[in-house]
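Down below is the structure, laid out as structure tokens.
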Amino acid sequence: MSQDTDETTEETPTDETTTAEATTEETTTAEATEHGDGDSPVTSQTVEAIFDAVAAVAPEIREGLPGRRVYLDEENPSGEEVLAADVHADDLLCDRLTAIDGVGGYASEEGESVVDAGEGFAVTCDPLDGSSNLASNNAMGTIVGVYDAELPATGDAVVAAGYVLYGPITTMVVARDRVTEYLVHDDGSREELTQITLPEEPTVYGFGGRVPDWPEDVADYVSAVESELKLRYGGAMVGDVNQVLTYGGVFAYPALRSNPEGKLRHQFEGNPMAYIVETAGGRSSDGSQSILDAPAEALHGRIPVYVGNEDLIDRLEATVGT
Ligand code: AHM
Ligand code: MG
């Protein structure tokens, strides 16, 4: 399933992927990033096709929400209750993404194992992140990671990542060599709005988990930053990270006393969001290193997630890592 971009250059069709940006060797060299060979023409074309498909399916996911606020009598591989909306979003994303030439596998929070789709990149999804917000009609999202490796994989295999935010409007943020925010129209087309870099002056913080369940060092860190920053926590990582990208600050779902790995999944949430925030000029950490450097344990493995402005994550590691 892993794709060496050199080997697959001839296999990727061009008729579905005409919006690809990088078309010359000169361009790809100039745009090379620390995240691996993520800017070759074949990568660009496939990544464009993937996020075209994600934008196209987003209105369908959104329109399907009102009738799917009920829990099903089943659990996902992480042992959590599953809403009809989670399953619907997962089915749509799996169908559309595995149909793309250049996508070799699909894995999501809702499925036990990787769906084989032939040769190409492995795509991960959290189909409906923060879906417990559906009952209270608050923000939710879809998180997507594109890996040039078999899953589970370390973050250095991520070649692109993005998310859709189902807020008052539907937006999509995509990170590759830079981070771009799009407006997603009702017909599934996307319109570029802006390039995102983290604001230099941070404003907001949001930490998940019950406060009494925070280890002492995490509580110490929050005590230190709460006098400087404004609390903003919405219960959906996509919404909360989008606030950090918009206003600057720090988002975390930390290590917990009851679970030192925290809550969020490394492959579906940690790596993609770390890639986005780092590409926007920020930092990520699992408490001691970039999330993108953390060893991949299992497909549904969890990891503590801290993302935000560089200085705030440096201070976090100085407090939590001791
Ligand atoms: P989910 O993907 O099953 O929705 O779980 C992940 C979500 C994150 O979006 C959010 O940060 C966290 O769970 C919220 O958890 P809590 O309800 O414990 O605050
Ligand atoms: Mg999630």
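Rundown of residues vs (1) hydrophobic (A, V, I, L, M, F, W, C); (2) assigned by TED's automatic domain parsing to the domain that holds Ala219; (3) surrounded by fewer than 17 Cβ atoms within 10 Å (Cβ to Cβ), yes/no style:
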| residue | (1), (2), (3) |
| --- | --- |
| Thr246 | no, yes, yes |
| Tyr275 | no, yes, no |
| Arg283 | no, yes, no |
| Leu299 | yes, yes, no |
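If only residues of the stretch 230-265 that are among the aliphatic types (A, V, I, L, M) and without any contact (Cβ under 8 Å) to a residue 60 or more places away in the chain are counted, the one that is farthest from ligand 1 (Cβ to nearest atom) is Leu231. Restricting Leu198, Leu193, Leu183 to residues that are surrounded by 17 or more Cβ atoms within 10 Å (Cβ to Cβ) and of a type in the set (A, V, I, L, M, F, W, C) narrows the list to Leu198. Applying the selection to the stretch 126-155, what residues are under 17 Å from Ser78 (Cα atoms) and within 16 Å of ligand 2 (Cβ to nearest atom)? Asp126, Pro127, Leu128, Asp129, Gly130, Ser131, Ser132, Ile143 - these are the residues of the stretch 126-155 that are under 17 Å from Ser78 (Cα atoms) and within 16 Å of ligand 2 (Cβ to nearest atom). The set of residues in the stretch 150-159 that are in contact with a strand residue (DSSP E or B) (Cβ under 8 Å, 6 or more places away or on another chain) and surrounded by fewer than 20 Cβ atoms within 10 Å (Cβ to Cβ) comprises Glu150, Asp156.
All of Ala219, Ala224 fail the test of being more than 16 Å from ligand 2 (Cβ to nearest atom), touching a helix residue (DSSP H, G or I) at 6+ places or on another chain (Cβ under 8 Å), among the small types (Gly, Ala, Ser) and free of Cβ contacts under 8 Å to residues at least 40 places away in the same chain, apart from Ala219. Of everything in the stretch 97-113 that is within 11 Å of ligand 2 (Cβ to nearest atom) and in a loop (DSSP other than H, G, I, E, B), the residue that is nearest to Pro41 (Cα to Cα) is Glu109.
Contact map, the stretch 275-297: first residue more than 21 Å from Ala149 (Cβ to Cβ), second residue at pLDDT below 95, Cβ cut-off under 7 Å, separation 6 or more or different chains; pairs are Gly287/Val320; Gly287/Gly321; Ser288/Gly321.
Does Pro202 fit the bill of being assigned to a loop (DSSP other than H, G, I, E, B) and either in contact (Cβ under 8 Å) with a residue 60 or more places away in the chain or outside the structural domain of Ala175 (by TED's automatic domain parsing) (or both)? It is true that Pro202 is assigned to a loop (DSSP other than H, G, I, E, B) and either in contact (Cβ under 8 Å) with a residue 60 or more places away in the chain or outside the structural domain of Ala175 (by TED's automatic domain parsing) (or both).
With respect to Ala296, is the statement that it is more than 16 Å from ligand 2 (Cβ to nearest atom) and not charged (D, E, K, R) true? When the stated conditions are applied, Ala296 passes them. For Asp90, are the conditions met, namely being out of contact with any Gly (no Cβ under 9 Å at 6 or more places or on another chain), within 16 Å of ligand 1 (Cβ to nearest atom) and in a helix (DSSP H, G or I)? Considered against the rule, which asks whether it is out of contact with any Gly (no Cβ under 9 Å at 6 or more places or on another chain), within 16 Å of ligand 1 (Cβ to nearest atom) and in a helix (DSSP H, G or I), Asp90 comes out as no. Does any residue of the stretch 168-185 turn out to be touching a Gly at 6+ places or on another chain (Cβ under 7 Å), within 16 Å of ligand 2 (Cβ to nearest atom) and either in the same structural domain as Asp311 (by TED's automatic domain parsing) or among the aliphatic types (A, V, I, L, M) (or both)? The answer is yes; a qualifying residue exists.
The values are calculated or read from the model by the stated rules, or taken from the named source; none is laboratory data. Keep in mind that this is a model prediction, so the values were computed, not measured. For neighbour counting, all protein chains shown are included, and Cβ atoms are generated from backbone atoms with ideal geometry for every residue, glycine included.
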